[in-house]
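The structure under discussion appears below in the form of structure tokens.
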Amino acid sequence: MKRNLINFLFPLVFLLTFSCLIYIFSDTLVHAFNPGHSVFPQDKKVDITDCQEWTQTVRDFNLKPGEEANRITVLMYHKIIDDQNIQEGHYQDGNSLQETIVLKSEFEKQMALLKKHDYVTLTAAEFNLFMDNKIDIPQNSILLTFDDGFKNNYQEAYPILKKYNFTALNFVITGNITEKDNKYDPMGQQYLSVSDMKKSCDIFDFESHTYNFHQRNEDGKAYLVTKDKEAIMKDLKISLGNISDNQPLFSYPYGEYDLETIEVIKELGIQSAFTVKYDDVRPGKDLYEIPRKTVFPNDTIVDFMDKINLK
């Protein structure tokens with residue numbers, strides 16, 4: 001009788017435990033086995049409107065003649081991974097980290113350097129006005145950006161940015177937003193949850209990186225240059241509906257776009273769009289082809305200084 005009870009209870013406990021784990025990590029599993037599958041409902045909005053009002057702030061920097069910037073740097077990050085959580089899977093060829101990873105310790109050094117030299121992180125409104133030659137900004141101005149909307153942006157980068165009173169644009173693949181706040185996986189493959197976004201919307205300006213078009217076709221070409229205009233329009237409308245209210249910005253997945261892509265984002269009222277072209281940004285530059293400098297895992301602090309033109 002006792003053995004029969006054990007034989008009955010063991011599989012029952014196993015099934016219950018397994019079911020709980022599936023529920024807790026369901027969103028993560030969906031992304032792991034179906035990377036192109038969207039989780040966040042198309043008709044749902046992350047309610048962070050009030051928290052994002054600061055993104056339209058325009059400050060008076062009280063600059064003296066000669067203190068104005070004639071160019072600035074826009075930096076691009078993806079994943080910030082804690083050094084102690086680095087594993088074999090984070091390496092792309094056994095020796096070097098994946099290009100989308102920056103160690104937390106290095107990110108801390110980089111932000112500390114910016115703070116030491118009195119760098120100012122711009123709001124979206126300030127950046128666009130600078131690009132239109134409508135305001136003057138300090139020479140030590142900078143724009144920080146993150147692509148894809150990984151959960152580690154909140155877990156690892158957000159506390160550091162808040163510590164130094166910096167802000168950043170965060171271009172989110174909105175279909176990957178999770179409604180459940182899953183336990184943090186230090187491997188770095190998870191995406192932001194609604195809760196993460198609400199907790200960090202005082203530092204991150206959340207913008208669009210498509211809804212479900214951060215993908216490539218069978219030939220390796222990005223959806224934004226292979227799908228028809230109607231399909232692109234539909235995807236971006238959903239993405240903007242998930243997070244944006246006014247003056248939205250956009251980042252091209254993989255940095256790939258064409259004239260039709262630009263037509264679509266202009267029709268949708270997107271104010272500016274960011275590429276992965278390596279260059280500084282100067283007023284008068286095309287607002288739909290803004291260059292950015294990627295921060296790589298093997299960048300030394302000297303490399304970083306060079307990217308931000310700090311001599």
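Values quoted throughout were computed directly from the atomic coordinates according to the rules given, and no laboratory measurement underlies them. Small disclaimer: the values here were computed from a predicted structure and weren't measured. Heads up, the Cβs are rebuilt from the backbone with ideal geometry, glycines too, and the neighbour counts pull from every protein chain shown.
Compute the relative contact order of region 145-230 as a whole-number percentage, counting only Cα pairs closer than 8 Å that sit 6 or more residues apart in sequence.
The value is 34 percent.
Does region 39-307 classify as rounded, prolate or oblate by the C-alpha gyration tensor (a ≥ b ≥ c root eigenvalues; a/c under 1.5 gives rounded; else a/b over b/c gives prolate, otherwise oblate)?
rounded
Can you pick out the pairs among Lys115/Lys285; Lys45/Lys198; Lys162/Lys198; Lys44/Lys198 whose Cα atoms lie more than 19 Å from each other?
Lys115/Lys285
Distance check, please: which entries in Lys79/Lys227; Lys199/Lys293; Lys116/Lys266; Lys183/Lys266; Lys183/Lys293 exceed 30 angstrom between their Cα atoms?
Over 30 Å apart, Cα to Cα: Lys116/Lys266; Lys183/Lys266; Lys183/Lys293.
Using Cα centres only, tell me the gap between region 132-167 and region 171-227 in whole Å.
Measuring centre to centre over Cα atoms gives 17 Å.
Give the lysines reachable from Lys64 as a straight Cα distance under 19 Å; neighbours fewer than 8 places away on the same chain don't count.
Of all the lysines, those that pass the test against Lys64 - Cα under 19 Å, at least 8 places apart if same chain - are Lys134.
Can you tell me the relative contact order of the chain? Whole percent, Cα pairs under 8 Å, sequence separation 6 or more.
Relative contact order comes out at 22 percent.
Note down the relative contact order for region 234-309 as a percent, whole number, built from C-alpha pairs under 8 angstrom at least six residues apart.
Relative CO of region 234-309 lands at 23 percent.
Suppose R0 equals 51 Å; then what is the FRET efficiency for Asn246 and Glu67 from their Cβ-Cβ distance, rounded to the nearest 0.05?
0.95
For the chain, what is the percent of antiparallel DSSP beta bridges, rounded to the nearest 5?
Of all bridge pairs located within the chain, approximately 15 percent are antiparallel.
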